[in-house]
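> Below: one structure in structure tokens.
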């Protein structure tokens, strides 16, 4: 078996490069390839950075873009005072009783400004697009006071409880809503009238219900109008319930 030096001499005699030189050439050739490899690595890094930066820019632009504003479809409605004077003025008392109308007591589910529609005995639907312009209890207080004041021949309404008056009128609301699928408008309440002396006594009370047909189930302005008519009928019932002043 030839040694390495003999192998090299034999290759030199035959005009071939020695084995050690071949290994040296091959070994030393690799560092010369490194700049090209480094150049390719730099290009790949720059390309990655470009695409990564573009992706992040797209994410940021998407996060900063605001959703398109939608039109506000909410409509606001009010109860209207349908003031009407007493028809029978011949029997009106010479000195009509003075009354203090207490704040209307409203069930919790009716409080606020969202209009409700009853769709079954135990189900109500809140209509987000149809709202009262004021809380329902405030609207009823306003129209009842105005309606009672119109019956000036039969009753006088005082502004504050500190003013001298004969009776206190309390209204406990039970229903104030449209009813589907019947298309009726219902207002129900309990009326209680008490004396205004130091030992108040109930002098009159009754349950009141007004159901007005003809609501189409979609027109909430029409619903507010019919509830206003029902509130006017409630005011009339209060006037007829008042006892004569002693």
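> To the nearest 0.05, what FRET efficiency results for residue 195 and residue 138 with a Förster distance of 35 Å applied to their C-beta separation?
Numbers: r = 27 Å, r/R0 = 0.77.
My answer for the efficiency is 0.85.
> Further question on the same structure: Describe numerically, in nm with one decimal, the distance between label points set 7 Å from Cα along Cα→Cβ at residue 128 and at residue 172.
Label-label distance for residue 128 and residue 172, simple model: 3.5 nm.
> Between residue 182 and residue 229, with labels modelled 7 Å along Cα→Cβ, what's the label distance in nm to one decimal, could you check?
Going by the 7 Å Cα→Cβ label model, 1.6 nm.
> Still on this structure, please answer the following. Hey, fewest Cβ within 10 Å first, where do 100, 56 land in order?
Values: 100 20, 56 10.
The fewest-first ordering by Cβ neighbours comes to 56, 100.
> Find the Rg to Rh ratio for segment 77-241, where Rh is the Kirkwood radius over alpha-carbon pairs and Rg uses the same atoms. Can you show the working numbers first?
Values: Rg = 16.4 Å, Rh = 16.5 Å.
Taking Rg over the Kirkwood Rh, I get 0.99.
> If I take R0 = 25 Å and measure r between the Cβ atoms of residue 94 and residue 164 in this structure, what FRET efficiency does the formula 1/(1 + (r/R0)^6) give, to the nearest 0.05? Don't jump to the answer; show the numbers that get you there.
Numbers: r = 17 Å, r/R0 = 0.70.
E(calc), rounded to 0.05, equals 0.90.
> What is the spin-label model distance, in nm, from residue 244 to residue 102 if the labels are put 7 Å beyond Cα along the C-beta direction?
About 2.7 nm, to one decimal.
> Using the number of other C-beta atoms within 10 angstrom as an exposure proxy, rank 192, 152 with the fewest first. Walk me through the intermediate numbers first.
Working: 192 18, 152 13.
Going from least to most buried by this count: 152, 192.
> Something else now. Enumerate the whole-percent occupancy of each 5 Å bin, from 0 to the last occupied one, for all C-alpha pair distances of segment 92-168.
3, 14, 19, 17, 13, 11, 10, 8, 5, 1
> Follow-up question, since we're still on this one. By count of other Cβ within 10 Å, fewest leading, how are 72, 236 ordered?
Details: 72 7, 236 18.
The order, fewest Cβ neighbours first, is 72, 236.
Each reported figure results from applying straightforward, stated rules to the coordinates on display, with no laboratory input. On a predicted model such as this, the values are computed, not experimentally measured, just so you know. Please note: Cβ atoms are built from the backbone with ideal geometry, for glycine as well, and neighbour counts cover all protein chains shown.
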